[in-house]
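Nothing in this text is a laboratory measurement; each read-out follows from the coordinates by a stated rule. Treat the numbers as computed from the prediction; the structure is a model and nothing was measured. Quick reminder, even Gly has a Cβ in these numbers, built from the backbone with ideal geometry, and neighbours come from all protein chains shown.
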Amino acid sequence: MRLRLPANYFVAIALALLFAVGCEKPAAMNESTANVKHLTQGEFAEQVTGAAGAVVVDFYATWCGPCRQLSPLVDSAAGAFSGKIKFYKVNVDESPGLAQNFQIQAIPTLLFFKDGKLADRTTGLLSEAELNDKLQVLAAVK
């Protein structure tokens, strides 16, 4: 005998898992940390596209599970690359114009800038090693 479960059973399980991952304080993602500053649309030009040197911007949303997983990795990497790369984060729900300007179609998306110009981008959850490799390249670019 084969057990048949209704389709909405699987949807309910999927939603429960989605909301269970990192739901303690998603609003805390909007706060700056010691290593990563939260940017608004008005600050972006001065801090990112007008900046000299290397800059990484994490485009995220508080409701995004992979974003909540990537956030501590970015924060940790920002500490390791302190003085070499500046790190910022932008909430796509608060700054939809920035997301549109940079064609952010999925999150999390990391944009890598060098001297105000977009040098690279990644979409999706990166491993710590993949993120570190990208940052090593960005820090080394002259």
For residue 31 and residue 84, compute 0.36 nm times the residue count separating them, minus their Cα-Cα distance, and round to one decimal in nm. 16.9 nm
Using DSSP, restrict attention to beta bridges with both residues in region 25-140 and report what percent are antiparallel, rounded to the nearest 5. 55
How far apart, in nanometres, would the label points at residue 51 and residue 121 be if each is projected 7 angstrom from Cα along the Cα-to-Cβ direction? 1.8
May I ask you to evaluate 6.51 cos²θ - 1.76 cosθ + 1.60, the Karplus curve with θ = phi - 60°, for each residue of region 28-33 and list the ³J(HN,Hα) values in order in whole Hz, giving x for glycine and proline? 5, 5, 6, 8, 5, 10
Region 31-142 - charge dipole about Cα centre, Lys and Arg +1 at Cβ, Asp and Glu -1, debye rounded to 20: 300
